[in-house]
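Structure first, then comments.
The values are calculated or read from the model by the stated rules, or taken from the named source; none is laboratory data. Please read these numbers as outputs of a predicted model, since none were measured by experiment. Cβ sites come from the backbone with ideal geometry, for glycine too, and all protein chains shown count toward neighbours.
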Amino acid sequence: MKRLLTAILLGLTPAQAYEMNVVSSDATARFLPLSIDKAAVIDLPRDAAEVLVANPAIARHVQRTPRRVYIIGGSQGATNIHFFDAQGRKILALNVVVTINPQPEVEEAPAKVVTVVRGVGGHPHSYNCDRTTCIATEVGEAANTSHSVITVK
């Protein structure tokens, strides 16, 4: 009420007296993609005194120290998380999107075919390569040479 009376005395409308001050929103948030049951570790530039998680079912936080926070994907969806210091100033805003493991974990990278041509007009040699070894995929000349297996270091 005091704010409204002060506004009227200053010649302001009631709407101007209660003007909204947006401190933190998605407009200023940083994007953080997560998978269900996966975590991200966030180091904040200053101590967080208050944390707001819009939907804790989608993502939750564990404040390990005043500056280190773990964000954990809970269920598929989107939410936002806002961090504030002791004076109520925004430290960080996150727009968190949790999906069902968008990139499946693979123990070994799929094989890649590498073709090597020695010299101008030389015969091409194809090798099937993983992370550390390339094996000749051709029979004949490439398979019968000392270069049929190449170890990558």
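Tell me, please, whether a residue that is touching a residue at least 24 places away in the same chain (Cβ under 8 Å), touching a Gly at 6+ places or on another chain (Cβ under 9 Å) and under 18 Å from Val23 (Cβ atoms) can be found in segment 48-71. Let's see the steps before the verdict.
Step one: list which residues in segment 48-71 are touching a residue at least 24 places away in the same chain (Cβ under 8 Å), which gives 48-55, 58-59, 67-71.
Subset that is touching a Gly at 6+ places or on another chain (Cβ under 9 Å): 49-50, 55, 58-59.
Filter once more, keeping what is under 18 Å from Val23 (Cβ atoms): 49-50.
Yes: one or more hits.
Among the residues of segment 88-108, is any part of a loop (DSSP other than H, G, I, E, B), loosely packed, with under 13 Cβ neighbours inside 10 Å and modelled with pLDDT of 90 or more? Explain how you work it out, then say what you get.
Narrowing segment 88-108 to residues part of a loop (DSSP other than H, G, I, E, B): 88-89, 100-108.
Narrowing the set further to residues that are loosely packed, with under 13 Cβ neighbours inside 10 Å leaves 88-89, 100-108.
Then keep just the ones that are modelled with pLDDT of 90 or more; that gives 88-89.
Within segment 88-108, one or more residues are part of a loop (DSSP other than H, G, I, E, B), loosely packed, with under 13 Cβ neighbours inside 10 Å and modelled with pLDDT of 90 or more.
So, in segment 37-61, of the ones that are farther than 18 Å from Gln87 by Cα and in contact with a Lys or Arg (Cβ under 9 Å, 6 or more places away or on another chain), which residue ends up surrounded by the fewest Cβ atoms within 10 Å (Cβ to Cβ)? Steps first, please.
Let us first name the residues in segment 37-61 that are farther than 18 Å from Gln87 by Cα, namely 37-43, 53-61.
After this cut, where a residue has to be in contact with a Lys or Arg (Cβ under 9 Å, 6 or more places away or on another chain) as well, the list is 41-43, 53.
Values: Val41: 10, Ile42: 20, Asp43: 8, Val53: 18.
Ranking the candidates gives Asp43 first.
Pairs please, first residue from segment 72-83 and touching a residue at least 24 places away in the same chain (Cβ under 8 Å) and in a loop (DSSP other than H, G, I, E, B), second anywhere and of a type in the set (A, V, I, L, M) and surrounded by fewer than 18 Cβ atoms within 10 Å (Cβ to Cβ), Cβ atoms under 8 Å, 6+ apart in sequence or on different chains.
Gly74/Ile36; Gly74/Ala57; Ser75/Ile36; Ser75/Ala57; Gln76/Ile36; Gln76/Ile100
Any chance segment 60-71 includes a residue that's under 14 Å from the mean Cα position of the chain (by Cα), more than 23 Å from Ala27 (Cβ to Cβ) and basic (Lys, Arg)?
Restricting attention to segment 60-71, the residues satisfying the condition of being under 14 Å from the mean Cα position of the chain (by Cα) are 70-71.
Now narrow it down to the ones that are more than 23 Å from Ala27 (Cβ to Cβ): 70.
Applying the additional criterion that residues be basic (Lys, Arg) yields none.
Checked segment 60-71: no residue is under 14 Å from the mean Cα position of the chain (by Cα), more than 23 Å from Ala27 (Cβ to Cβ) and basic (Lys, Arg).
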